[in-house]
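Okay, so here's the structure we're looking at.
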Amino acid sequence: MLSKYDSVKKPKHYQGLVECWDLIRDRLGDLGFMNYCLGNVHKYLFRHKDKGENLRDLKKCRVYLDEVIKYYENL
């Protein structure tokens with residue numbers, strides 16, 4: 001459990017009964033979820049330099065990239 005606010009892994013606007021990406025994974029299945037994560041990797045990598053949130057967007061990119069890596073490691 002994270003002891004302090006983490007805008008990358010646990011943003012305040014995503015905290016509820018069900019994690020949003022758990023719901024997305026459930027609805028899309030493993031392959032669909034991996035593609036969703038890959039799309040977010042591209043999104044955060046592409047826009048990190050334009051938003052003024054450079055490091056935060058790159059860290060979010062890494063979170064999604066780690067999920068893609070896990071997918072391929074578990075094939």
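The values are calculated or read from the model by the stated rules, or taken from the named source; none is laboratory data. All values derive from a computational prediction rather than experimental measurement. Protein only, heavy atoms only, side chains kept; ligands, DNA and RNA dropped before computing areas. Shrake-Rupley method; radii C 1.70, N 1.55, O 1.52, S 1.80 Å.
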To the nearest 10 square angstrom, how much accessible area does ILE69 have with a 1.4 angstrom probe? 80 Å²
Please calculate the 1.4 Å probe accessible area of LEU23, with all protein chains present, and give it to the nearest 10 Å². 80 Å²
